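A quick write-up on the structure given underneath.
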Amino acid sequence: MSVVVIGVGNEFRRDDGVGPAVARALAASGIRAEISDGDPVRLMEAWDGAEVVVIVDAVRCTPSVPGRWHRTTLPHSIPAASSHGFGVPEAVELAEALDRRPQQLVIYAVEVADVGFGTSLSPAVEAAVVPLTAAVLTEVTTEFPMPGH
């Protein structure tokens, strides 16, 4: 089964870089991982050909517990408070209209504290990267085994 993990975010907007940080860590483990800015068309291009797509994205919540993450799958609700103007919900709507939606879509939404300009994650979000990466790695290698894993 073909799987891709997509880290959505902007690494120059502090905590918004959590998705790319997780994607890089997973790629270092041999997992197919992409980084996307969240543009709906580019998201669909990143998941093209994959049966299972796992997206890691920053989300703003009120009240927020920075570093806490939430896991959901479609067709359940998608976090509407992404740190991007457009992104995952719009990509899914477009993919459904174009019949390009993956068979399974898993979303990890990470609560963030600071999306101001800068390249480092806040301490709470940084502390979540390793356990979140481990959770995604476990999911993709046990739920959706790939050759060589």
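Given (1) within 14 Å of the chain's Cα centre (by Cα); (2) in a helix (DSSP H, G or I), where does residue 72 come up short, assuming only one miss?
Of (1) within 14 Å of the chain's Cα centre (by Cα); (2) in a helix (DSSP H, G or I), only one is false for residue 72: (2).
Can you give me the number of residues within the range 38-69 that are open to solvent by 80 Å² or more (accessible area, probe 1.4 Å), out of contact with any helix residue (DSSP H, G or I) (no Cβ under 6 Å at 6 or more places or on another chain) and outside any helix (DSSP H, G or I)?
5
Mind counting the residues in the range 109-136 that are open to solvent by less than 20 Å² (accessible area, probe 1.4 Å) and assigned to a helix (DSSP H, G or I)?
6
The values are calculated or read from the model by the stated rules, or taken from the named source; none is laboratory data. Just so it is clear, the structure is predicted and the values come from calculations on it, not from any experiment. Cβ sites come from the backbone with ideal geometry, for glycine too, and all protein chains shown count toward neighbours. These accessible areas exclude ligands, DNA and RNA; they are computed on the full protein's heavy atoms, side chains included. Shrake-Rupley method; radii C 1.70, N 1.55, O 1.52, S 1.80 Å.
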